[in-house]
Amino acid sequence: MFHDKLQLQGELTIDDDDTLNYVDLVTDLGVRTAASCLGSPYNTQEWMPYVSIGSGETAPSTSDITLEDEKHRKKGTVWVASNTYFVEATFGADEPIGDIVVTEVGIHDAYSGGNLGARFVLDDDSYIQKEDTDVIVVKVAISVL
């Protein structure tokens, strides 16, 4: 199968006041859905345009199908440069409502439910305290190797 040979690498950048960079994994569903997009000349849908933030702490796995504790999801801006797919979302004031500790990030193909393309879990010392008034910019880059 084509998706068995497709290699994708995910990279996460979060900009609040400090910039954090993480390289983590793309899920099995992410690889399969990317392969189907690449294999169809008629596909006009963006691959994984939704970015989610959450508070889960369990290590990511290629078999993940959701974030552990998703708090908010929104559609991001998508672009492609060379062999890399980017999606970036700005989580502003009241997104989500209330203070949270951001410990995980995911990308999805739907606003609700859908497929989880990649999941990133932050290190303990990199958790982001997001208060109601804070703004954070989350950018995910998925590269075809």
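What follows draws every value from the coordinates through simple rules; no lab data is involved. What you are looking at is a predicted structure, and each value in this text was computed from that prediction instead of being measured. Methodologically, a virtual Cβ is constructed for each residue, glycine included, from the backbone with ideal geometry; neighbour enumeration extends over all protein chains shown.
Here each label is just a point 7 Å from Cα along the line to Cβ, and for Ile65 and Val144 those points are 2.7 nm apart.
Multiplying the residue separation of Thr133 and Tyr111 by 0.36 nm and removing their Cα-Cα distance gives an extension gain of 5.6 nm.
With the simple model of a label 7 Å out from the Cα in the direction of the Cβ, Thr90 to Gln9 spans 3.0 nm.
The length gained by stretching the chain between Val80 and Thr58 to full extension, at 0.36 nm per residue less their Cα-Cα distance, is 4.9 nm. Across all directions, the shadow cast by the convex hull of segment 74-145 built on its C-alpha atoms averages 5.5 square nanometres.
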